[in-house]
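Engineer: Supplied in structure tokens, the structure appears directly below.
Rule-based calculations on the coordinates, nothing more; no lab input. Computed from a prediction, not measured in an experiment: that's the story for all the values here. Quick reminder, even Gly has a Cβ in these numbers, built from the backbone with ideal geometry, and neighbours come from all protein chains shown.
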Amino acid sequence: MGEGLYIATIIILFILITGTFLLVFKNQKKKRMISIINELEKEKNLLINVPVLNEFSKVEALVKNNKLEEKYNTWKLKFEVIEEETIPEVNDMLIEADFMVEKSKAIDVYKKISEIQVKLYEVKVKIKTIMAEIKEITSSEEKNRNTIIKLKSTYRKLKKRFEDTKADYEETANTIELQFENIERRFEEFEEVMEKKDYEEIIYVVKGLTEMIDHMTIVINEIPEIMLMGKSLIPKRTEDASSEYIKLTRENYQLDYLNVEYNIIETEKKVNAIFDRVRVLNLEDVTFELKTILEYFDSLFNDFETEKLARRYYEDGLKDFKKKNDHVDNILSTISLKIPDMKIKYSITDDTLDSIKLFSDEFNNINKDYEKLMTLDKNHSFPYSKLNQELEIISLKLSKLHEKLSNLLQKVGNLKDDEERARGQLEDIKLLLKQSKYQIRKNRLPIIPDNYYVELREAADAIKEIQKELSKKPLDVDTLNVRVDTARDLVFKLHNTTSEMIRLALLSEYAIVYGNRYRSSKPVINEGLIKAEKLFFKGDYKKSLDLSISTIDLIEPGIHKKILDYGK
């Protein structure tokens, strides 16, 4: 019983709390809708305000002609429709929205609010459009008067500048004066239209004056420069270009590719056409076109200078080519003369012989190209810039051939040098071998090891191989160089072996003699030296030396350095 009462109490509390929350939420939602409607009411009331009515009163005071009166009536009619039809309609929609709020139809309320917002926006746009058209009239006099003041100031400056420098305008001066008169008449027309309060016409008059002053600004600024370019600079450039062209053609320059005569005629036509437009003050693109013509003459003179420079390079290049060509010819002749004798004396490979033939053919082709170039030069068929390009190509081929021939000549010339060097080295090798034998005989060693005789025989055989190779006809220089290198290495090896063997033998003998002083005092010394003597007479000089030193070191420490210093 108590538990059921507790649950019931909780349910009742939940219902009360939920109901209270829903009621609060509903009231807040209602307040929000009322607030939006009130804002729309304020916005509606601001549409028909004092500034709008003031603008209407201003334009009403300006009505002096039928055109403006017709416009005024149209604006007034549109505003009356807004004031008498659209605004009441909005009022009804606002009342209807208030009623919906009271009935708690939230969806319908927000739908109606959207309709009111759209309607108010339409009214705003219409009023804004009317106000803009009205202000264009009401502010027209002040705005246009300020514009005319600025235009008159610009006009006076332009006219003064023109009158101060009238001579610079040459044949266009009369046309410019007439244009100034037209501008003055337009200023008078402006005053007449202002007097009539014909504000629509004023707009066109001001616009026309602005365009005329802008055009006259261009005329006054550009015509002096146009006259300078068209009447002075271009004719002078044309005359100079024509004179230079005639001079160069008489000096055998080929300049047909520049089309100078045709371009000068076309330039004169172009300038005449330009000045037909200038005389009526049509300056569109005139300055650009005249500058383009001047740039053409600049490029033409650059082409003339390029041809002059190319001719100098070409003539210098011909001299260099002839010198190098003679040199290459001499090298080929020298090689061709030497080859028969060289083939008898030396073994020359087929590749070398083939390369000589190829080089000769290449040289003939280069000279054929050179002869063709000389024909073109003689006939004046090509401009010097083109001739110089062709000469550079031929000269490059000749330079590469010269380099290859120089390498071949050096290779052929080296055959004899290698032979002479080999003979000289043979004598040096034989002398070194002789010196080694002399050292052996001089020092009278008790025995010569077998390996020494092997090295001696190898060195002697290598020398014989050199002599055998030198006796061959034709001589194979590559093989000869190998034989010389081999013999030199073997003889040097024998020489080093001889020197080392003699050194060790002398040191060993000195050590044994030095140790004899200790034989009687120490039996161990005597035994060691006896063994060292046996090794010495067997020809094992290094082991004999090592044993002698180690034996003496027992009684005289540090003897090792003293004995080795003796051998230095």
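Engineer: Given a cut-off of 18 Å, what percent of all Cα-Cα pairs of segment 304-421 lie beyond it? Present the calculation step by step, with values, prior to reporting the outcome.
Structural biologist: On the way: 3912 of 6903 pairs.
Of all Cα-Cα pairs in segment 304-421, 57 percent lie more than 18 Å apart.
Engineer: Continuing with the same structure: Using per-residue counts of other Cβ atoms within 10 Å, averaged over each peptide, order 160-170, 499-509, 399-409 from highest down.
Structural biologist: In decreasing order of mean packing, 160-170, 499-509, 399-409 become 499-509, 399-409, 160-170.
Engineer: Over the Cα atoms, compute the radius of gyration (one decimal) and Dmax (the largest Cα-Cα distance, rounded to a whole number) for segment 439-555, in Å.
Structural biologist: 20.7, 73
Engineer: While we're on this one: Expressed as cubic angstrom per residue, what is the convex hull volume of the alpha carbon set of segment 164-203?
Structural biologist: Working: hull volume 2.8 nm³, N = 40.
In segment 164-203, the Cα convex hull volume per residue is 71 Å³.
Engineer: Work from the charge dipole of segment 304-421 (Cβ charges, +1 for Lys and Arg, -1 for Asp and Glu, about the Cα centre) and give the residue of T375, L332, L409 farthest towards its positive end.
Structural biologist: T375
Engineer: Viscosity 1.002 mPa s, temperature 20 °C: what is the translational diffusion coefficient of segment 158-291 from Stokes-Einstein with a Kirkwood Rh over Cα pairs, rounded to a whole number of µm²/s? If you can, show how the numbers build up before the last one.
Structural biologist: On the way: Rh = 17.7 Å.
Answer from the Stokes-Einstein relation: 121 µm²/s.
Engineer: Measure up K78/K196; K44/K112; K437/K464; K322/K378; K437/K468 against 21 Å on the Cα-Cα distance and list the ones that go over.
Structural biologist: Numbers: K78/K196 26 Å; K44/K112 15 Å; K437/K464 17 Å; K322/K378 17 Å; K437/K468 23 Å.
In this structure, K78/K196; K437/K468 exceed 21 Å between Cα atoms.
Engineer: Using unit Cβ charges (K, R positive; D, E negative) and no other charged atoms, how large, in debye to the nearest 20, is the dipole of segment 449-568 about its Cα centre? Before the final figure, lay out each step's value.
Structural biologist: Values: 20 positive and 19 negative charges, 79 e Å.
With only Lys, Arg, Asp and Glu charged at Cβ, the dipole is about 380 debye.
Engineer: Cross-link list K493/K562; K338/K404; K416/K493: which exceed 19 angstrom alpha carbon to alpha carbon? Working shown, then result.
Structural biologist: Working: K493/K562 28 Å; K338/K404 17 Å; K416/K493 28 Å.
Flagged as over cut-off: K493/K562; K416/K493.
Engineer: Give me the Kirkwood hydrodynamic radius of segment 392-491 in Å, from all C-alpha pairs, to one decimal place? Each step should come with its number before you reach the end.
Structural biologist: Values: mean 1/r = 0.0613 Å⁻¹.
In segment 392-491 this quantity evaluates to 16.3 Å.
Engineer: Looking at segment 410-462, what % of the alpha carbon pairs are farther apart than 12 Å?
Structural biologist: Working: 1004 of 1378 pairs.
Tail of the P(r) past 12 Å holds 73 percent of the pairs.
Engineer: Spelling out what I want: for every residue of segment 302-317, take phi, set θ = phi - 60°, compute 6.51 cos²θ - 1.76 cosθ + 1.60 (Karplus), and round to whole Hz; glycine and proline get x.
Structural biologist: These are the phi-based 3J(HN,Hα) values: 4, 5, 4, 5, 4, 5, 4, 5, 4, 5, 4, 4, 5, 5, 5, x Hz.
Engineer: What does the extension gain come out to for S521 and I265, with contour length at 0.36 nm per residue minus their alpha carbon separation? Mind dumping the intermediate values first?
Structural biologist: Working: separation 256, 0.36 × 256 = 92.16 nm, distance 12.95 nm.
Computed gain between S521 and I265 is 79.2 nm.
Engineer: Arrange the peptides 222-235, 542-555 so that the one whose residues have, on average, the most other Cβ atoms within 10 Å appears first. Intermediate results must be reported in sequence, preceding the final value.
Structural biologist: Values: 222-235: 17.3, 542-555: 19.7.
Descending mean neighbour count gives 542-555, 222-235.
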